[in-house]
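Visitor: What follows is a single structure, and I will ask about it in a moment.
Please treat every number below as a calculation from the coordinates, not as lab data. Quick caveat, the model's predicted, so the values are computed rather than measured. Here the Cβ is made from the backbone with ideal geometry for all residues, glycine too, and neighbour counts use every protein chain on show.
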Amino acid sequence: MKPLVIDSEAQIGVGETWGSPPRWLDYNVETLLGRSAEAGIDRSCVMAPRNPLYDLPNKQVAKVCEKYSGRLIGFAVHNPQLESGHLRQLLLAEVKSLGLKGVRSDGHPSRELLDAAAELNIPVIYYPDLEEYPGPARAYYMIATAYPSVNFILPHLGAYRSWQWWAHYEAIDLVKRFPNVYVGTSSVISRKYLEMAARELPPERILFGSFAPELDPRVEIFSLKLLKLPKPSEALVLGGNIQRLLGQ
Amino acid sequence: MLHGFVPNFGEAENLLDLKEARTVSRKIESSRRAFLTNTGALLTSEVVNRWASGRQESVGQTAPRKQGKPRVIDCHAHAGISREPGAKEEHSAPWDTAADPEIILEHAREAGIDKTIIFPINNTTYKEANEEISQICQRYPERFAGFARHDARTECGKIRSMLIHEIHDLGLRGLKLHTQPNTEILDAAKELGIPILYDSNQHVELFEEFLSSYPTINFIIPHMGSDQSENWREHLLAIDLAKRYPNVHLDTAAVVLTEYLEKAIKELPAEQILFASDEPEIDCRLEIFKIRVLNLPKEKEELILGGNITRLLGGRV
């Protein structure tokens, strides 16, 4: 049986881009599904783009995922600072009632968010703001140590668009040091760091992510194919790992 | 930190339209096609193989043309070493320390790229670095062509004579800049009939200062105005500039937000878009895939992948 290709990070709905300078966009689900199908992606983990608050965007994501249940897996997004005090309650409802499978933290994850993630046994996607942290190491060391049972996914191999090259080194170091840290592969335009990660890290710790539709999933998956990984390793990176993290 | 929301895409385009309405030159617009069919470069010099080793071919030799098959040319890559690795901020990144041409060759072979245009990485002055580029081109005359690089701040007053030597004697074909060109540089490029590839470091508006005064120089804006798509607004400004000036060309190196690449290809004549990678830091195998995945009409793709840079260099590449 052909292993499933699962995109661990895509977006749908209305909101602001994560990248700076921000743009206000509507990430159309049909565009995502069309390009993902062309790229050979079977399923995509989708979440809302940046919003001030996430109660409504998460509900909308859950609704779209219900409509395309064979193709989409929903993640919640929360801002631990702006939504402080309500996070556990919101996340419990989103996971248990709406069927969302993980959470992206918009801002440094608080104890409240991480306690809820540990309780629900869901992975946490967190990309530290590199204007605040010069690399992901400082942002990750404490949370990865304090929450060993939470699986963290650090997107973009630590540096969106490879802009801070040293952040790629830090991301690889974090994965070596902490068994609960995983890296996503989208937007790594300095491919030598992707090659370095593939060479130095166990394939179980690398997750294919496209960041579609802001980025083109056809391009992102081609970048991984260029790694020419052994078939079993490629199957893990392209889908097996995120399936395992989601308990599927 | 949550950033303030910005006008949507459509509004941003309208702002550009207003800007365009103020500055567009109808005369230039009407002659766009005629200009694009002409070649800009008029290199007539003999190349002196001063630095070549015994086994190397002369700089002037070009690859034998494969009959019927258009050549694929990457117009943006770096090679050579920094003379001061790590000494200053601009010499401390991996791409400012060393750029190995062997990596480019390996990637280019796999990507189906016939020839790559190389220029130096960051240095304070460029005499030695340009000589190094010439030597690499001599070593692989079928695979590399070279552009000189200069810095208007550190080499002011010497650039014209250096450039004449580099073009006429070292066999380099164009000029790469990272600092705003002064009249010395622009006049020399005009005199030599060479294109200028100028990275204005996320300030596309700086081109406005000289474009109308030098309509015969072919300019190439690398990264479609924004390296690694750091600022998408610069992509829009670069597309707008290319609409208004037929001698402005956009190179496609390291455009991460590929929707702007698609926008440029949709809105501009194919003659103004040049395939580029920024090897060896950026992988040409992935960069060329970004063009090929668009399934463009054959003629359009051939222009972008090599026809246009060949034309800008007068066929001498």
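Residues are listed down the side, and each one gets a yes or a no for (1) of a type in the set (Val, Ile, Thr); (2) under 23 Å from A:Tyr160 (Cβ atoms); (3) within 17 Å of the chain's Cα centre (by Cα):
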position: A:Ile12; (1), (2), (3): yes, yes, yes
position: A:Thr17; (1), (2), (3): yes, yes, yes
position: A:Asn28; (1), (2), (3): no, yes, no
position: A:Ala48; (1), (2), (3): no, yes, yes
position: A:Asn58; (1), (2), (3): no, yes, yes
position: A:Arg71; (1), (2), (3): no, no, yes
position: A:Ala76; (1), (2), (3): no, yes, yes
position: A:Ser97; (1), (2), (3): no, no, no
position: A:Leu100; (1), (2), (3): no, no, yes
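Visitor: Another question about this same structure. Only one of (1) closer than 19 Å to B:Ala77 by Cα; (2) more than 10 Å from chain A (Cβ to nearest Cβ) fails for B:Arg285. Which number is that?
Guide: Going through (1) closer than 19 Å to B:Ala77 by Cα; (2) more than 10 Å from chain A (Cβ to nearest Cβ) one by one, B:Arg285 breaks only (2).
Visitor: Can I ask one more? For B:Gln138, work out the one condition from (1) surrounded by 19 or more Cβ atoms within 10 Å (Cβ to Cβ); (2) in contact with a helix residue (DSSP H, G or I) (Cβ under 9 Å, 6 or more places away or on another chain) it doesn't fulfil.
Guide: Status for B:Gln138: all satisfied but (2).
Visitor: Could you please give the count of residues in segment B:152-176 that are under 18 Å from B:His76 (Cα atoms) and surrounded by fewer than 21 Cβ atoms within 10 Å (Cβ to Cβ)?
Guide: 0
Visitor: Ok, one more. What single numbered condition from (1) buried (at least 21 other Cβ atoms within 10 Å of the Cβ); (2) of a type in the set (A, V, I, L, M, F, W, C); (3) not in a loop (DSSP other than H, G, I, E, B) fails to hold for B:Leu105?
Guide: So B:Leu105 meets the others, but not (1).
Let's see how each residue does on (1) out of contact with any Gly (no Cβ under 6 Å at 6 or more places or on another chain); (2) in contact (Cβ under 8 Å) with a residue 60 or more places away in the chain; (3) not in a helix (DSSP H, G or I):
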| site | (1), (2), (3) |
| --- | --- |
| A:Tyr141 | yes, no, no |
| A:Thr145 | yes, no, no |
| A:Ser149 | yes, no, yes |
| A:His168 | no, no, no |
| A:Ala197 | yes, no, no |
| A:Glu204 | yes, no, no |
| A:Ser223 | yes, no, no |
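Visitor: Having 3 or more residues that are among the hydrophobic types (A, V, I, L, M, F, W, C) and surrounded by 23 or more Cβ atoms within 10 Å (Cβ to Cβ) is the bar; report the strands (runs of 3 or more DSSP E) wholly within segment A:1-102 that clear it.
Guide: Correct list: A:43-47.
Visitor: Determine which member of the set A:Ile189, A:Ile221, A:Ile206 is closer than 21 Å to B:Lys290 by Cβ, aliphatic (A, V, I, L, M) and more than 9 Å from chain B (Cβ to nearest Cβ). Talk me through it step by step, then tell me what you get.
Guide: On the way: A:Ile189 fails: more than 9 Å from chain B (Cβ to nearest Cβ); A:Ile206 fails: closer than 21 Å to B:Lys290 by Cβ.
That would be A:Ile221, the only listed residue that is closer than 21 Å to B:Lys290 by Cβ, aliphatic (A, V, I, L, M) and more than 9 Å from chain B (Cβ to nearest Cβ).
Visitor: Only one residue in A:Gly19, A:Gly34 is small (Gly, Ala, Ser), within 10 Å of another protein chain (Cβ to nearest Cβ) and on the phi < 0 side of the Ramachandran plot. Which one?
Guide: A:Gly19
Visitor: Kindly evaluate A:Val77 against the criterion of being of a type in the set (Val, Ile, Thr) and touching an Asp or Glu at 6+ places or on another chain (Cβ under 7 Å).
Guide: yes
Visitor: Restricted to segment A:131-182, and to residues that are at positive phi and within 14 Å of chain B (Cβ to nearest Cβ), which residue is nearest to the chain's Cα centre (by Cα)?
Guide: A:His156
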